[in-house]
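A quick write-up on the structure given underneath.
Laboratory data are not the source of any read-out in this text; all were calculated from the coordinates shown. What you see is a predicted model; the values in this text were computed from it and never measured. We place every Cβ from the backbone using ideal geometry, glycine too, and count neighbours over all the protein chains shown.
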Amino acid sequence: MSLIAAEGIDKEYQAGEVAVKALKGISFEIAPASFVSFIGPSGSGKTTLLNLIGCLDKPTKGQLKVADTDVLHLDRKQSASFRGSNIGFIFQDFNLIPVLTVYENIEYPLLMVQSAPSSERKKRVTALLDAVGMIDQKDKYPDQISGGQKQRVAIARALVTNPKLVLADEPTANLDHKTAYMVIELMKTMRNEFKTTFIFSTHDQKIVGEAEIIYMLEDGEMKGKEVKGGNNNG
């Protein structure tokens, strides 16, 4: 069973009068509860591919299914609803809301996307605060905590909606070596506990070293795949 199935994906952008092909004939499958990394030089198509999987953009050509849904035929409103129900995002600059506390930042998707009742919100947020070791920091604001703590909050926020999939674009880029490893281990623990698939777009060799499946991209083409353990699908 595949959580994500892509077949013959092309993505073209218009740069003035020139058509730029960012992705060319990309095909792959990813199973549930995978720990996957897309790697490649800048301009290889990693972030473009992450945006397609995350329903932030649509392929020019090909087929793409995410969580048994043909995402190519979702309109803007349906795409937003699908993301809210199925996908969490982690960004390299954390994207926390500065005027909200740690607790409120994690709770935010439950208010904005899922309209969860108060008791359910409290239960989920508290459980994740505990899981990422931030329960004692819950009333602090983002500018009062470290980069590693911000990324832990971002991971909790990405997981609070119980997504099937978390997409992380260079999630350790702003972290020191020790903190980055701690964050990677935390994400692996979360994957094991919640059976969430994590997909990374990264240059960071720390993540590449820990990923179980690595897809190599170059000039918009899939150049290879390495399976080191865990799920072997696609």
In nm, the gap between the two label points placed 7 Å beyond Cα toward Cβ at residue 20 and residue 177 is 3.5
Once both label points are put 7 Å beyond Cα along the C-beta direction, the residue 56-residue 126 separation in nm becomes 3.3
The size of the Cβ-based charge dipole (Lys, Arg +1; Asp, Glu -1) of the chain about the Cα centre, to the nearest 20 debye, is 480
Ordered by number, the trypsin sites (Lys or Arg not before Pro) in the stretch 146-234 that occupy a DSSP loop and have at most 16 other Cβ atoms within 10 Å are 195, 228
Site residue 218, offset 7 angstrom along Cα→Cβ, radius 14 Å on amide nitrogen, limited to the stretch 41-72, gives 41-45
For the residue 146, residue 119 Cβ pair and Förster radius 35 Å, calculated FRET efficiency rounded to 0.05 is 0.65
The stretch 44-66 scanned against label point 7 Å out from residue 76 along Cα→C-beta; backbone N under 14 Å for 56-58
Filtering GluC sites (Glu not before Pro) in the stretch 3-76 by DSSP loop and by at most 13 other Cβ atoms within 10 Å leaves 17
For residue 10, placing the label point 7 angstrom along Cα-to-beta-carbon and taking the stretch 47-69, residues whose amide nitrogen sits under 16 Å are 58-64
